[in-house]
Amino acid sequence: MNEQQLSTSSDAYDNYLSNHFGRGASAVSRRRRIDSLAANYSSYLPSRKDAKMLEIGPGLGELLEYLFLKCKYTEIFAIDLSLEVTEHCNRIVPGRTQVVADSTAYLMANTECFDCIFAFHLLEHIPKAQIVSFLKAIRAALAPGGVAFIEVPNMANPLVGLNIRYADFTHEVGFTESSLGFVLRSAGFSDVSIFGIRIARNSFLKLVQYSAQSVVNLLLKLMIKVYIPTKCQILNVSICGVARK
């Protein structure tokens with residue numbers, strides 16, 4: 001069964017927003033996500049405001065809002081399997097998101113087209129046997145020197161990893177720093193780096209949360225060293241792979 005058959009034969013994503021998020025994110029959680037995007041990705045974004053960007057699986061549309069409305073990038077587009085997601089995102093940034101039944105086919109039809117491709121909390125939803133071919137299609141759709149940003153939940157965190165893995169019924173696989181780097185390199189990316197998604201420290205409460213998590217992560221790393229002395233794990237709740245073509 002190929003990706004198109006999987007995506008079109010299952011109704012798991014038809015009402016994904018309403019089934020998984022209920023009424024959607026609150027204004028506060030939306031602002032927190034946008035603040036996090038700014039804190040983690042602003043230094044990676046191209047200087048050209050007409051750089052062509054694609055988001056695969058835009059979810060609640062926070063990245064679209066951040067890039068188009070806040071950063072003023074003019075050539076930002078998104079694709080999704082779900083009509084519900086598409087309609088929701090087009091209310092935020094009109095006319096930029098379209099329904100695509102087969103993401104891999106779309107990417108292969110647009111080779112060397114995009115300067116940046118974003119796939120946030122998407123890879124864990126793809127069946128394991130299809131992940132490398134999907135990433136190869138992303139690489140093919142990047143222009144020379146283009147960059148892919150692949151953000152996923154981090155299974156290496158022993159406190160929340162399993163909860164995140166199984167909280168969403170549509171999750172197919174989980175990733176750590178090592179396995180995310182492995183699949184990106186297997187897809188043909190030679191310039192790959194992984195970083196942990198950090199909390200935006202733009203308020204007192206966020207600074208306290210960041211400090212508390214830093215202490216906990218340090219203790220967890222020391223505990224892990226007892227079992228794996230040579231491995232220094234990234235333990236942030238989410239991680240991102242930055243893969244350059």
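Worth pointing out:
- Rounded to whole numbers, the Karplus 3J(HN,Hα) couplings from phi for the stretch 173-180 are 7, x, 10, 10, 3, 5, 6, 5 Hz, using 6.51 cos²θ - 1.76 cosθ + 1.60 with θ = phi - 60°, and x at Gly and Pro.
- Proximal charge balance of GLU151 [Cβ under 13 Å; K/R count +1, D/E count -1]: -2
- Charged-residue dipole, Cβ positions (Lys, Arg, Asp, Glu), the stretch 65-108 about Cα centre, Debye nearest 20: 260
- Based on DSSP H segments of at least four residues, each scored -39500 (n - 2.57), the chain has a per-residue ellipticity at 222 nm of -11500 deg cm²/dmol.
- About its Cα centre, the dipole of the chain is roughly 1040 debye, where the only charges are +1 on Lys and Arg Cβ and -1 on Asp and Glu Cβ.
- Prolate/oblate/rounded label for the stretch 30-187 (Cα gyration tensor, a/c 1.5): rounded
- Model label zone, GLU172; criterion: amide N under 17 Å from point 7 Å along Cα-to-beta-carbon; scope the stretch 117-145: 119-139
- Unit charges at the beta carbon, dipole of the chain: most positive-side option, TYR227, VAL100, PHE182: TYR227
- Shown for the stretch 34-174: lysine pairs separated by 8 or more places, or found on different chains, whose C-alpha atoms are under 19 Å apart, numbering 6.
- Rounded, prolate or oblate (a/c below 1.5 giving rounded, otherwise prolate when a/b exceeds b/c) for the stretch 74-166 by Cα gyration tensor: oblate
- Cα gyration tensor shape of the stretch 191-245, rounded if a/c is under 1.5, else prolate or oblate by comparing a/b with b/c: oblate
- Relative contact order for the chain: 18 percent, from Cα pairs under 8 Å spaced at least 6 residues apart, divided by residue count.
- On the basis of the beta-carbon distance and an R0 of 45 Å, LEU159 and TYR106 show a calculated FRET efficiency of 0.75.
- Once you reduce the stretch 196-235 and the stretch 100-167 to the center of their Cα atoms, the two points are 25 Å from each other.
- Placing a label point 7 Å from the Cα of ASP14 along the Cα-to-Cβ direction, the residues of the stretch 82-124 with a backbone N closer than 13 Å are 82-84.
Every read-out reported here was derived from the displayed coordinates using simple, explicitly stated rules and does not represent laboratory data. Predicted model only: the values in this text are computed from it and were never measured. Here the Cβ is made from the backbone with ideal geometry for all residues, glycine too, and neighbour counts use every protein chain on show.
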